[in-house]
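Following: one structure in structure tokens, then a few remarks.
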Amino acid sequence: MPQKTTFNKTLIGACLASAVLAGGAVYFSVPYWSGGPLADTEAAEGEDGHGHDEGGDHDEGGAEEAVVQLPKEMWEASKLKVQPVNRQTVTMQTWATGKLTLNEDRSANIYSITEGRAHEVPVNLGDRVDEGQTLAIIDSREVGTAKLELYQARLQEKFAKQANDFAQQVKTNALQLIDALDRNASAEEIEKTLGDKPIGKYREQLLGAYTTLVQAQTDFDRIEPIANTGAIAGKQLIEARANLNTAKASFNAVLEQLRFGVPQDALEAEQAVQQAAQAVEVAKAKLNILGYDDDDLENIQPDEKSGHLSHYEVVAPFAGTIIAKNVVLAERVGTDTEMFRLADLSTVWVQADIYQKDLPAIAGLGDTLTFRAPTASDGSLHTHTAKIFYRGDVLDPDTRTLRLQAIAENEDRHLKPGMFVEIEIPSEDSQNILAVPESAIQEVEDKTVVFVQQGETEFLMVPIVTGTKSDGVVEIREGLKVGDKVVTSGGFALKSELMKGEIGHGH
């Protein structure tokens, strides 16, 4: 029996020694983090005099607290800053939910205004394009036909101008010939003056009638003296006089006809030029309606290769981003086909539906509102301003809200249409609250916490309950008291060290 007792004592001593060694190994394996029991935390609070009577105890609600150690030499790299908690008088603000939308003045649904087949589609979804840049090329029968009509109309105009130039020269020369004949100018004089000038069909008519008149006058002048002597029969004189009178009547008729007909023919030539010019303008107008400028229509040739004559270019009306593309190569498109959606994302609209009770506060905004939006990279909130351009005129009968719209700059494309944002509604109400900077707040395992400095290099993670936010500060309703030294910058480094410790312990 005595030997058995001695063996039990020896076994118990060995177990105790093993436990002590194991505990020491665990302690020395975690130099910067330890998760002490609640009793240890309370003891530490008692020694430091932190009862947290005003804002609530650190361990209220049974939330787990943890201590993180960060050596002084790491503070600068971590940009760690500590600030005591105090009470502040702040102007309370209300945040209304809003959303970002496209700037409707700078967004467009792009359609083709002619039917055809997609010959080329050089842009892709998400491409940024310049004003006037080609988005697609359409093979269009309508465009090809319109260009051919313009080409033909220009040819007709060219021919009409040439005919008019000739008609005006003929008019001038014919009138000179009529004047010469009225003056009884000799055939030699007429030939010398107008022999090499164009007179057209009028030369034959005038000179033929004039020659007949001269011949009849010559015959009469020859027969009349002889007939008076009785050498020839009086009948010949009568015939000669009749021929002369007929020739005079014919000549005068031709003169009268040409005095009217020559200017009339010249006028008709001028009108033909005007009609041809109008036909050109009509053909150009058809193409202008399709979006062509006059400069685009200067050189149209019907023998263009590769079918360029029927090509119609769909171009960007302004610089922007392709946010929708609904056409591919060789696809049939019509006037009802939405080919692209283009948006200028350098600005966005901010829309908010303001409740009736907040309308007086909105009146005090002036021309600018402030809103918060998450960044696309890390989701953190950033503050922006926007210029109000519409305050609404009619309340929505269902929601009892008024639509407020503003425009915000977005040169870096940080703001995305469709994002929900928070619109600041100013208030004149002020409160004295226990508050910390918003940068002090951290989220750890779905808990809202801050880090409170306990010793020179020790920081206690303290769960808190927050209240309102205003101008970058957050109301603390539970978890802190006045004088607590809270980490306001560099809290992420402490959070990282905390996570390392939890991973090392398999938590």
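The values are calculated or read from the model by the stated rules, or taken from the named source; none is laboratory data. Worth saying up front: this structure is predicted, and the values here are computed from it rather than measured. Because the Cβ atoms are built from the backbone with ideal geometry, glycine has one as well, and the counts that use them run over all protein chains shown.
One table, with the values for the structure above:
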read-out: Test result for residue 197, basic (Lys, Arg) and either touching a residue at least 12 places away in the same chain (Cβ under 8 Å) or not assigned by TED's automatic domain parsing to the domain that holds residue 266 (or both); value: yes
read-out: Residue satisfying condition, being surrounded by 11 or more Cβ atoms within 10 Å (Cβ to Cβ), out of contact with any helix residue (DSSP H, G or I) (no Cβ under 7 Å at 6 or more places or on another chain), farther than 30 Å from residue 345 by Cβ and at pLDDT below 90, within set 90, 85; value: 90
read-out: Leading residue by the ranking (nearest to residue 375 (Cα to Cα)) among those in the range 398-425 that are over 23 Å from the mean Cα position of the chain (by Cα) and surrounded by 14 or more Cβ atoms within 10 Å (Cβ to Cβ); value: 422
read-out: Residue within the range 407-418 that is of a type in the set (Val, Ile, Thr), modelled with pLDDT of 90 or more and closer than 30 Å to residue 105 by Cβ present; value: yes
read-out: Residue ID - farthest from residue 144 (Cα to Cα), chosen from residues in the range 284-333 that are in a loop (DSSP other than H, G, I, E, B) and among the acidic types (Asp, Glu); value: 331
read-out: Qualifying positions in the range 326-358 - modelled with pLDDT under 95 and either in contact with a helix residue (DSSP H, G or I) (Cβ under 9 Å, 6 or more places away or on another chain) or within 16 Å of residue 406 (Cβ to Cβ) (or both); value: 352, 353, 354, 358
read-out: Any chance residue 235 is in a helix (DSSP H, G or I), in contact (Cβ under 8 Å) with a residue 40 or more places away in the chain and farther than 16 Å from residue 251 by Cβ; value: no
read-out: Unmet requirement for residue 323, which otherwise passes all of (1) at pLDDT 90 or above; (2) of a type in the set (A, V, I, L, M, F, W, C); (3) within 15 Å of residue 154 (Cβ to Cβ); value: (3)
read-out: Residues (under 24 Å from the mean Cα position of the chain (by Cα), charged (D, E, K, R) and in a strand (DSSP E or B)) located in the range 84-135; value: 99, 120, 128
read-out: The range 428-462, residues that are under 30 Å from residue 357 (Cα atoms), surrounded by fewer than 14 Cβ atoms within 10 Å (Cβ to Cβ) and within 43 Å of the chain's Cα centre (by Cα); value: 428, 429
read-out: Selected residue [in the same structural domain as residue 113 (by TED's automatic domain parsing), surrounded by fewer than 17 Cβ atoms within 10 Å (Cβ to Cβ), under 26 Å from the mean Cα position of the chain (by Cα) and small (Gly, Ala, Ser)] from 324, 316, 330; value: 324
read-out: Subset of the range 189-244 [small (Gly, Ala, Ser), modelled with pLDDT under 80 and within 19 Å of residue 177 (Cβ to Cβ)]; value: 195, 200
read-out: Which listed residue is farther than 30 Å from residue 214 by Cα and within 60 Å of the chain's Cα centre (by Cα), from 295, 265; value: 295
read-out: Members of the range 115-160 found to be without any contact (Cβ under 8 Å) to a residue 24 or more places away in the chain and touching a Ser or Thr at 6+ places or on another chain (Cβ under 7 Å), listed by number; value: 122
read-out: Scan of the range 459-493 for residues that are in a loop (DSSP other than H, G, I, E, B) and either in contact with a Cys (Cβ under 8 Å, 6 or more places away or on another chain) or within 18 Å of residue 88 (Cβ to Cβ) (or both), ordered by number; value: 464, 471, 472, 479, 480, 481, 482, 483, 484
read-out: Looking only at the range 338-394, and only at residues there that are of a type in the set (Asp, Glu) and in a strand (DSSP E or B), the one that is nearest to residue 421 (Cα to Cα); value: 353
read-out: Those residues of the range 395-405 which are farther than 17 Å from residue 94 by Cβ and part of a strand (DSSP E or B), in sequence order; value: 403, 405
read-out: Check on residue 184, in a loop (DSSP other than H, G, I, E, B) and surrounded by fewer than 12 Cβ atoms within 10 Å (Cβ to Cβ); value: yes
read-out: The range 469-492 - residue that is in contact with a Phe, Trp or Tyr (Cβ under 9 Å, 6 or more places away or on another chain) and among the aliphatic types (A, V, I, L, M) and, of those, surrounded by the most Cβ atoms within 10 Å (Cβ to Cβ); value: 487
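To keep it simple, each residue is scored yes or no on (1) surrounded by 13 or more Cβ atoms within 10 Å (Cβ to Cβ); (2) of a type in the set (S, T, N, Q); (3) assigned by TED's automatic domain parsing to the domain that holds residue 111; (4) closer than 30 Å to residue 316 by Cα.
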residue	(1), (2), (3), (4)
213	yes, no, no, no
227	yes, no, no, no
237	yes, no, no, no
244	yes, no, no, no
250	yes, yes, no, no
260	no, no, no, no
